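The values are calculated or read from the model by the stated rules, or taken from the named source; none is laboratory data. Worth saying up front: this structure is predicted, and the values here are computed from it rather than measured. Remember, those area values only see protein heavy atoms, side chains included, never the ligands or the DNA or RNA. Shrake-Rupley method; radii C 1.70, N 1.55, O 1.52, S 1.80 Å.
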Amino acid sequence: MDNCKGNHCIQCTVDKCKNHCQTSDYCSLDKVSIGTHESDPKVCQCVDCESFVAKS
Ligand code: SF4
């Protein structure tokens with residue numbers, strides 16, 4: 001049974017993240033932090049979810 005309450009305001013396909021609802025493409029958190037590792041971001045690949053937690 002899936003007990004994960006996906007936040008439908010945060011769609012996400014990163015199923016390697018501990019916060020991902022595995023049976024649907026949503027994040028389980030109430031809010032996430034988004035940032036960048038670039039000094040001058042130009043494309044979406046420059047942007048990161050800083051709430052990502054690797055599955056152990
Ligand atoms: S924390 Fe970020 S990467 Fe992880 S499921 Fe939520 S939105 Fe996706």
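What to note about this one:
- Rolling a 1.4 angstrom probe over the chain with all protein chains present gives an accessible area of which 52% lies on carbon and sulfur atoms.
- For the chain, accessible area per residue (1.4 Å probe, heavy atoms of protein chains only), Å²: 81 Å²
- Taking a straight line from the alpha carbon of LYS5, these lysines sit under 22 Å away, with near neighbours fewer than eight places off in the same chain left out: LYS16, LYS18, LYS31, LYS55.
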